[in-house]
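Below you'll find the structure, written out as structure tokens, and then a few comments.
The values are calculated or read from the model by the stated rules, or taken from the named source; none is laboratory data. This structure is a prediction, so every number in the text was calculated from the model and none was measured. Cβ coordinates were reconstructed from backbone atoms using ideal geometry, including for glycine residues, and neighbour counts include every protein chain displayed. These accessible areas exclude ligands, DNA and RNA; they are computed on the full protein's heavy atoms, side chains included. Shrake-Rupley method; radii C 1.70, N 1.55, O 1.52, S 1.80 Å.
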Amino acid sequence: MGLDIFIKKLVYGGYGLGEDRGKKFLVRYAAPKELVEVEILKEKKDYTEATVKNIKIGSTWRRTAPCKYYTHCGGCQIQHLDYEGQLKVKEEILLESLERIGKIKVKSIDGVLKSKKEFGYRIKVQLKAKDGNLGFFSWGSNELVSVEECLLVHPRINQLIPALRETAKQVKDLQEVHVFYSPDEDEFLLKLITVSSMEGEKLRKLKEHVMPEEVVGLGNYTSLRGKLIKRSVVGREFSFFNSGQFRLRVSNDSFFQINYTLYEDFPKAVVEGERVKRVLELHSGVGFFSLWMAQNCEYIFGSDANQSAVKDAIYNAKLNQVSNVSFAHERAFETLKNHAGEIIDLLLLDPPREGLSEGEAKLIVQNKPKRIIYVSCNPTTLARDLKVLVSGGYKIETIKLVDNFPQTYHVEAIVKLQL
């Protein structure tokens with residue numbers, strides 16, 4: 001006899017939240033307001049992790065997942081919900097995080113920026129390799145699920161997989177293959193992550209004899225304590241992308257947005273309605289938001305800790321003849337310290353998943369920029385940071401949900417604040 005759990009809601013991470021005799025259950029592949037029979041996976045101190053075995057009463061949002069690898073591969077967590085259901089769940093997760101972590105009660109958000117495509121939107125993917133096989137790890141483990149295609153990636157990336165499989169057979173200690181594709185140029189940049197370094201000659205042979213001609217750059221990297229160390233490269237290390245009227249050079253080592261269907265709408269939503277003099281931007285990357293913001297201000301200064309991205313940003317400002325923007329290679333904390341005491345009309349933030357450091361949040365509150373736009377890719381760190389900003393005298397004007405990652409639990413948002 002299985003255990004039946006009623007799912008109250010979905011929480012960040014893609015789990016259904018339920019309870020049995022006072023014990024919390026986090027259930028994979030569940031949907032809100034469902035009664036499901038579960039199979040227990042792990043007993044933890046504070047909760048039990050389980051997966052859906054049988055659906056007793058199903059959600060109106062539930063559908064048959066389109067991908068044949070779903071529930072085997074761990075890349076997607078909410079593909080069993082229709083798209084409108086996914087957006088509703090993400091909105092609830094965002095509001096719940098703000099209230100629970102940030103003690104900020106918001107009745108509803110100010111609109112949703114949907115992905116233009118539910119599938120085929122990713123232009124970057126990291127494939128895991130093991131014993132000549134390529135694929136993704138299953139949910140919460142290092143067990144490789146070999147795949148022939150991924151429905152989330154651009155169809156052209158799927159067409160490259162046979163050549164990547166051949167590469168996995170020829171490169172003995174291959175750990176990962178990172179694929180970066182430009183739909184505007186129809187070309188690929190690849191990174192082969194190996195334990196030991198590869199000879200340049202072997203890389204060149206792979207590029208010339210195994211890869212199609214659309215692979216314009218092939219690099220060999222080694223992973224050291226979670227950081228990628230470049231060993232050697234053959235071919236080009238950058239490609240170009242269009243973002244509305246702007247053309248952007250993006251290098252293989254620069255951070256760039258993954259969902260190409262929002263390359264115009266996302267920056268538009270960030271800068272919409274802004275008319276200011278001086279803008280300070282942290283984590284400015286290749287200038288994805290900066291060039292758009294430059295149209296709405298007198299001067300913008302951006303900084304980033306990624307040197308490759310800063311070089312691209314400087315190049316992109318020249319390429320697009322945007323003269324009222326400058327960029328520096330420095331950490332966000334240093335930028336805030338260097339600009340302490342200056343009048344900042346607008347602070348634009350797009351931090352990584354960890355959000356702001358404690359020191360950064362304190363400096364922002366001390367510096368008192370008149371307005372803040374916070375672009376977030378993690379609702380839990382966003383809620384924590386907004387708590388600091390709100391208690392430091394800021395008022396939330398608007399919160400917009402951005403769905404950059406359909407089929408997954410990831411929640412992005414644009415929050416605008418006024419002092």
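So which pairs qualify, if the first residue must be in the stretch 143-168 and under 22 Å from residue 220 (Cα atoms), the second must be in a loop (DSSP other than H, G, I, E, B) and open to solvent by less than 50 Å² (accessible area, probe 1.4 Å), the Cβ gap must be under 6 Å, and the two must be at least 6 apart or on different chains?
Note: pairs meeting the criteria are 163/211; 168/132.
Assigned to a helix (DSSP H, G or I), more than 29 Å from residue 410 (Cβ to Cβ), open to solvent by less than 60 Å² (accessible area, probe 1.4 Å) and in contact (Cβ under 8 Å) with a residue 24 or more places away in the chain: which single residue out of 317, 361, 340 fits that description?
317
From 179, 215, 210, which residue is surrounded by fewer than 20 Cβ atoms within 10 Å (Cβ to Cβ) and either at pLDDT below 95 or aliphatic (A, V, I, L, M) (or both)?
Values: 179 fails: surrounded by fewer than 20 Cβ atoms within 10 Å (Cβ to Cβ); 215 fails: surrounded by fewer than 20 Cβ atoms within 10 Å (Cβ to Cβ).
After ruling out the rest, the residue left standing is 210.
In the stretch 66-85, what count of residues is obtained for those that are in a helix (DSSP H, G or I) and in contact with a Ser or Thr (Cβ under 9 Å, 6 or more places away or on another chain)? Before the answer, list the steps.
Filtering the stretch 66-85 down to residues in a helix (DSSP H, G or I) leaves 83-85.
The next check asks that each one be in contact with a Ser or Thr (Cβ under 9 Å, 6 or more places away or on another chain); those that pass are 83, 85.
Of the residues in the stretch 66-85, 2 are in a helix (DSSP H, G or I) and in contact with a Ser or Thr (Cβ under 9 Å, 6 or more places away or on another chain).
Quick one: which residue in 159, 170 is touching a Lys or Arg at 6+ places or on another chain (Cβ under 9 Å) and open to solvent by 10 Å² or more (accessible area, probe 1.4 Å)? I'd like the intermediate steps shown before the answer.
Values: 159 fails: touching a Lys or Arg at 6+ places or on another chain (Cβ under 9 Å).
Every option except 170 fails the conditions.
From 88, 117, 68, 9, grab the single residue that is closer than 30 Å to residue 151 by Cα, surrounded by fewer than 17 Cβ atoms within 10 Å (Cβ to Cβ) and in contact with a Pro (Cβ under 6 Å, 6 or more places away or on another chain).
On the way: 88 fails: in contact with a Pro (Cβ under 6 Å, 6 or more places away or on another chain); 117 fails: in contact with a Pro (Cβ under 6 Å, 6 or more places away or on another chain); 68 fails: in contact with a Pro (Cβ under 6 Å, 6 or more places away or on another chain).
The conditions single out 9.
If I ask for residues that are over 19 Å from the mean Cα position of the chain (by Cα) and either at pLDDT below 95 or part of a loop (DSSP other than H, G, I, E, B) (or both), which ones from the stretch 344-356 would you list? It would help to see each step written out before you state the result.
As a first pass, look at the stretch 344-356 and keep what is over 19 Å from the mean Cα position of the chain (by Cα): 344-347.
Answer for the stretch 344-356, where residues must be over 19 Å from the mean Cα position of the chain (by Cα) and either at pLDDT below 95 or part of a loop (DSSP other than H, G, I, E, B) (or both): 344, 345.
For the stretch 17-33, indicate whether the set of residues that are aliphatic (A, V, I, L, M), in contact with an Asp or Glu (Cβ under 8 Å, 6 or more places away or on another chain) and open to solvent by 60 Å² or more (accessible area, probe 1.4 Å) is non-empty.
no
So which residues in the stretch 48-65 are part of a strand (DSSP E or B) and open to solvent by 60 Å² or more (accessible area, probe 1.4 Å)? Outline the logic, then answer.
Our first condition is that a residue be part of a strand (DSSP E or B); within the stretch 48-65, this holds for 48-57, 62.
If the condition is that a residue be part of a strand (DSSP E or B) and open to solvent by 60 Å² or more (accessible area, probe 1.4 Å), then 53, 54, 55, 56, 57, 62 are the ones that fit.
Could you tell me whether any residue of the stretch 73-83 is β-branched (Val, Ile, Thr), touching a residue at least 12 places away in the same chain (Cβ under 8 Å) and within 25 Å of residue 138 (Cα to Cα)?
Going residue by residue through the stretch 73-83, those that are β-branched (Val, Ile, Thr) are 78.
Now restrict to residues that are touching a residue at least 12 places away in the same chain (Cβ under 8 Å): 78.
Of the ones still in play, those that are also within 25 Å of residue 138 (Cα to Cα) are 78.
Among the residues of the stretch 73-83, at least one is β-branched (Val, Ile, Thr), touching a residue at least 12 places away in the same chain (Cβ under 8 Å) and within 25 Å of residue 138 (Cα to Cα), which makes the answer yes.
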